[in-house]
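Reading through the structure tokens given below for one structure.
The values are calculated or read from the model by the stated rules, or taken from the named source; none is laboratory data. These figures come from a predicted structure and were not determined experimentally. Note that each Cβ is placed from the backbone with ideal geometry, even for glycine, and that neighbours are counted across all protein chains shown. These accessible areas exclude ligands, DNA and RNA; they are computed on the full protein's heavy atoms, side chains included. Shrake-Rupley method; radii C 1.70, N 1.55, O 1.52, S 1.80 Å.
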Amino acid sequence: MPPPRSTPRLRIQPLGDTALLAELGTRLDTALNTRAIALAAALKKRRDVRQAIAGYASVTVQFDPDLATHDSLAAAIKRLAAKHPPMAEPGRLHRIPVIYDGPDLQEVAERLKLSPEKIVEVHTRPIYRVFLVGFVPGWAYLGPLPEELEVPRRHVPRTRVPAGSVAIAGRQTGIYPLPTPGGWHLIGRTTVKLYLPDSDPPCLFRAGDRVKFFAIQP
Amino acid sequence: MTVVLQVSEPGLFTTVQDLGRPGAMSAGVQSGGAMDRFAHSAANLLVGNDPGNATLECTFSGPHLVAEHACLIAITGADFDPRVNGAPTPAWTSVFLSAGDSLTFNGRRAGARVYIAVAGGIEADRWLGSLSTNVMAARGGKQGRSLKAGDTLSAAGEPRRPAVSGRHLPQQLRPEYGDHTLQAIPGPHSKRLNPEGRRLLFESSYRVSRDADRMGYRLEGPQLNTTGDELLSFGLVPGAVQVPHGGQPILLMADHQTAGGYPVVATVISASLPVAAQLLPGDEARFGEIPLESAQRMRKALESALASLR
């Protein structure tokens, strides 16, 4: 039997005594994300795994400590990560109307030395990928955000961000589905409901979907 | 469904909780469930339920409940001085209430959260596979909210085992709630702390700030400076100790966000989470660095304690 394909960047580390974080890489990359989603799906099928959540380029695995150890599960992760992921299907495309009047738009514009109009133009240009759904119900991490709009998260997160706020941070963008604490820069808002509590799954976006924003007037 | 208990006064924040909905995390829905899983599970086992049945989680103050029908209950977790018809009643012990009996709590003496189990489990709204109340989503439990006066509580079914009063879990088998050392394993991003930061994390005391709820506790203490690029968001677990830019750590609890991008410098072990769940704003706690093998021993000790009630 040939040796499994090597995955040199795979790092597996404990998250306490009943979970592991397997990092496939550190780049914001569609291929890495596709592999993370496939690895999480494969791990979820195991009896010794309670939950596996795909991140941008990682999988967080909570395991049953009566059935697995860190070492046994790390070995299984290495084996599964070496397999070729299934071909990625193009996800559903969502077009989202946005009113660009967020409380941080001016500050972000000054910081980036761009006009607010230019920020809107650049933000509405790409078709973003849903890298992961998480953080709070219905939140989707979208990216990659064009480099021109890259700003770090706020130093002190807001304790309450209104639902529907369209935000950016780093090379990511997203929409707050619920009023929650948050550390991203708010540049606009939408009335599209992302969190659908009476549906299963209770969210509009799924990992792998695609999103295009367009500007509307208030 | 037979009503077993009437809510005369709800207490400060009393919610229905079970072991949560881990399967909903991939939709961004918090796993949730009881903050102190040990006390929750023990209360259930004492009345003959499965650990996964729903209980009441009472934060900071207890409710006033009146028995509509005779029922078997158990009170565990924090010490709020429980009383039946005004007379002290033992905690961590199964107790029969007769119709008309009044269960009250005289006041908090230690800890943050009391659990009340009823034989058969508490009936509540099921959402995404769990009866746990998710207040943010306004789903699960009692219409997605904390209890209010006038609510009624029904038993969900028959308990798995016969109703027996006087079942008891002795103190030496419970977590050491009085010792506020939260044992932790260095996290995946602990190298983003310099040696000084790592020393501060494990050698200094942190105070639970007023910003502490079922999602997590913001802690106040020596500032932890992390280095390195921003992280790509990844899945989180309860017990994770995040360090945002300000350098004041956040301990994630049962209703924690499912994913985030702040460095996780340590994770509180499963056996110390019940202790963390009983902390209140103003309490001092410290992190102890513990080897994985010791963490597993502590987890098994608590599991054996619960198994002794089966």
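Over the range A:68-139, all Cα pairs binned in 5 Å intervals from 0 give whole-percent P(r) values of 3, 10, 12, 12, 15, 13, 8, 6, 10, 8, 2, listed from short to long. Compute the Kirkwood hydrodynamic radius of the range B:18-144, taking the inverse of the mean of 1/r over all pairs of distinct Cα atoms, and give it in Å to one decimal. One over the average 1/r among Cα pairs gives 14.8 Å for the range B:18-144.
Farthest toward the positive end of the dipole of chain A, out of A:Leu114, A:Tyr195, A:Leu73, is the Cα of A:Leu73, where the dipole comes from beta carbon charges about the Cα centre. Tell me which of A:Pro144, A:Val49, B:Ile122 sits at the most positive position along the dipole axis of the protein assembly as shown, charges placed on C-beta atoms (Lys, Arg +1; Asp, Glu -1). The residue sitting most towards the positive pole is A:Pro144.
So, for the range B:1-139, what is the accessible surface per residue at a probe of 1.4 Å, expressed in square angstrom?
Details: 4190 Å² over 139 residues.
Value returned for the range B:1-139: 30 Å² of accessible area per residue.
Computed over protein heavy atoms with a 1.4 Å probe, the accessible surface of chain A works out to 47 Å² per residue. Can you give the angle from 0 to 90° between the axis of helix B:37-46 and the longest principal axis of chain B, with both taken from C-alpha atoms, to the nearest 10? Around 20 degrees separate the two axes.
Using a 1.4 angstrom probe on the protein heavy atoms only, line up A:Leu93, B:Leu251, A:Leu28, B:Leu12 by accessible area, largest first. Please report the intermediate quantities before stating the final value.
Working: A:Leu93 85, B:Leu251 0, A:Leu28 50, B:Leu12 115 Å².
Largest accessible area first, the list is B:Leu12, A:Leu93, A:Leu28, B:Leu251.
The charge dipole of chain B, taken about its Cα centre with unit charges on the Cβ atoms of Lys, Arg (+1), Asp and Glu (-1) only, comes to about 300 debye.
Our compactness index for the range B:223-294, the C-alpha radius of gyration over the empirical 2.2 N^0.38 Å, is 1.14. At a probe radius of 1.4 angstrom, the accessible area of the range B:195-310 per residue rounds to 38 square angstrom.
For the range A:199-215, 3J(HN,Hα) computed residue by residue from phi via the Karplus equation (6.51, -1.76, 1.60; θ = phi - 60°) reads 10, 9, x, x, 8, 6, 8, 10, 3, x, 5, 10, 9, 10, 8, 9, 7 Hz, glycine and proline entered as x. The Cβ shell under 12 Å around B:Pro90 holds other residues with a net charge of 0, Lys and Arg each +1, Asp and Glu each -1.
The charge dipole of the protein assembly as shown, taken about the Cα centre with unit charges on the Cβ atoms of Lys, Arg (+1) and Asp, Glu (-1), comes to about 1300 debye, rounded to the nearest 20.
For the pairing of chain B with chain A, what total accessible surface becomes buried, with a 1.4 angstrom probe, in square angstrom to the nearest 100? Provide the component values of the computation, followed by the final result.
Details: alone 13380 and 12000 Å², together 21610 Å².
The contact between A and B buries close to 3800 Å².
Per the Debye formula on identical point scatterers at the alpha carbon atoms of chain A, with no solvent, log10 I(q)/I(0) at q = 0.08, 0.16 Å⁻¹ is -0.32, -1.09. Across all Cα atoms of the protein assembly as shown, the radius of gyration (one decimal) and Dmax (whole number) stand at 23.7, 74 Å.
For the range B:1-95, the relative contact order works out to 34 percent when only alpha carbon pairs closer than 8 Å and six or more residues apart are counted. Roughly what percent of Cα-Cα pairs across chain B reach past 30 Å? Above the 30 Å cut-off, chain B has 32 percent of its Cα pairs.
At 1.4 Å probe size, with the rest of the protein present, what percent of the exposed accessible area of the range A:61-217 is carbon and sulfur atoms? So the carbon and sulfur contribution to the accessible surface is 54 percent.
Are there any chymotrypsin sites (Phe, Trp or Tyr not before Pro) in the range B:101-194 that are in a DSSP loop and have at most 14 other Cβ atoms within 10 Å? List them by number. Walk me through the numbers before you get to the answer.
Working: sites: B:Phe105, B:Tyr115, B:Trp127, B:Tyr177; in loops: B:Tyr177.
Of the chymotrypsin sites (Phe, Trp or Tyr not before Pro), not one in the loops of the range B:101-194 has a Cβ with at most 14 other Cβ atoms within 10 Å.
Is there a quick way to get the dipole size of the range A:49-194? I mean about its Cα centre, with the Cβ of Lys and Arg at +1 and of Asp and Glu at -1; what is the value in debye to the nearest 20? Don't jump to the answer; show the numbers that get you there.
Numbers: 18 positive and 13 negative charges, 40 e Å.
Taking the Cα centre of the range A:49-194 as origin, the dipole is about 200 debye.
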